[in-house]
Amino acid sequence: MYHSPFSITTLGTGAALPARGRFPTSQLLNVHGNHYLIDCGEGTQERLRAAGFNFQRIGHIFISHLHGDHYLGLLGLISSMHLMGRQVPLHIYGPPELKPIIDIQLRASGTWLRYPLHVHSTEPVSGAVIHQDTHVTVTVLALRHRIPCTGFVFQEQSGARRLRADRVQEIPPFKRASVKAGEDLVLPDGSVVTNATLTEDPLAPRSYAYCSDTAYEPALIPFVSGVGLLYHEATFTTAMADRAKETLHSTAAQAAQLAKEAAVGQLLLGHFSSRYKSADVLLNEALPIFPRTLLSYEGGVFPVGPSC
């Protein structure tokens, strides 16, 4: 059983326009209580407040591309963090053009941030590692859109071995960390109790893949294969396939087909066109192809299961 959280909170599910109660794209990933923001459409900080979340806890922000519905909330969030007295560093990952955009707006407003801001350039090269910490490794996905666009894969770091419940009392408390790290237990009389008899394998690491704006792209399959949860845009139904092709977006059926071919655990649809009053029409198109499909919705929390 997993005791540490690994989940996605959907802050916005709309495509291009805030309409029909949907907000521009943004998600909050919680990995063991560490929070990562993925895209930052207009109004993201208000959505974070509505979710009851203190956005000063965010240390890393990942921006997929520079269409406004994916990043126009970023400067407001940066500014609010400053005005609220933030002092700890903030790391932002995005296209090379993002840093000059941030710099010119801060300079034009005469804003000198109270905290260190580090903007890291990303390139759409699938499999490239852009961030790693003790909880997660983040790699890039090369999406196919009208401008350079990157998706992200968040892979949980492998955990320590687990102490067997029926043997834990045999291990002195000061030795338990080393046993969980894989060491054998040496008793006072010099005898050795092997690690394999005291511990169990760590739980399988969990993984989340985020594919924002993209046409159907089979080249992604090796890089998202077997992830526990795949988020994939589903802007249109198949009836609008010509429009999807023209704008380099995906239909719900195409998202489901990619999930099926990649054998993922679950598929989460989002980025819904405002032409659809209800996103159920998109879900109904995906389910026959990939039954383990969910619809994202504003404020929805989706646990991420283990990689397949």
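Compute the projected area of the convex hull of the Cα atoms of the stretch 1-99, averaged over all viewing directions, and report it in nm² to one decimal place.
With every direction weighted equally, the projected area is 7.0 nm².
At what distance in nm do the modelled label points of Y115 and A51 sit from each other, each positioned 7 Å from its Cα along Cα→Cβ?
It is 1.6 nm.
Mind pulling the angle between the C-alpha long axis of helix 98-108 and the longest principal axis of the chain? Nearest 10 degrees, somewhere in 0 to 90.
Tilt of helix 98-108: around 70 degrees.
Measure off 7 Å from each Cα along the Cα-to-Cβ vector at D280 and A165, then give the distance between these two points in nanometres to one decimal.
Taking the simple label geometry, D280 and A165 are separated by 4.1 nm.
I need the shape label for the stretch 238-303. Rule: rounded when a/c is under 1.5, else prolate if a/b > b/c, else oblate, with a, b, c from the alpha carbon gyration tensor.
Here the stretch 238-303 falls in the oblate category.
Among the lysines, which fall within straight-line cross-link reach of K245, defined as a Cα-Cα distance under 28 Å, with same-chain neighbours fewer than 8 residues apart omitted?
By straight Cα distance, K245 reaches K260, K277.
Please determine, in degrees from 0 to 90 and to the nearest 10, the orientation of helix 252-262 with respect to the longest principal axis defined by the Cα atoms of the chain, where the helix direction is its Cα long axis.
So the inclination is approximately 30 degrees.
Based on the Cα atoms of the chain, what semi-axes does the equivalent ellipsoid have, where each is the square root of 5 times one gyration tensor eigenvalue, given in whole Å with the largest first? Please list the in-between numbers first.
Numbers: eigenvalues 277, 135, 54 Å².
With the √(5λ) rule applied to the chain, the semi-axes are 37, 26, 16 Å.
For A196 and A181, compute 0.36 nm times the residue count separating them, minus their Cα-Cα distance, and round to one decimal in nm.
Taking 0.36 nm per residue and subtracting the Cα distance, the gain is 4.2 nm.
With the crude spin-label approximation of a point 7 Å out along Cα→Cβ, what separation in nm comes out for Y2 versus D133?
1.8 nm
In deg cm²/dmol, rounded to 500, what helix-only [θ] at 222 nm does the chain give when every DSSP H run of at least 4 residues adds -39500 (n - 2.57) and the total is split over its residues?
Result for the chain, helices only: -5500 deg cm²/dmol.
Please give the FRET efficiency for R243 paired with A263, using the beta carbon to beta carbon distance and R0 = 30 Å, rounded to the nearest 0.05.
Here the calculated transfer efficiency is 0.55.
Connecting C-alpha atoms closer than 10 Å in a GNM of the chain, tell me which of K180, K245, K99 has the biggest fluctuation.
In this elastic network of the chain, the residue with the biggest mean-square fluctuation among K180, K245, K99 is K180.
Quick one: Debye curve from the alpha-carbon atoms of the stretch 194-233 only, equal weights, vacuum; give me log10 I(q)/I(0) at q = 0.20, 0.30 Å⁻¹ to two decimals.
Taking Cα atoms of the stretch 194-233 as identical point scatterers yields -0.66, -1.08.
Quick note: the coordinates plus some simple rules give every number you see, no bench work behind them. This structure is a prediction, so every number in the text was calculated from the model and none was measured. With ideal geometry, Cβ positions are generated from the backbone for all residues, glycine too; neighbour counts draw on all protein chains shown.
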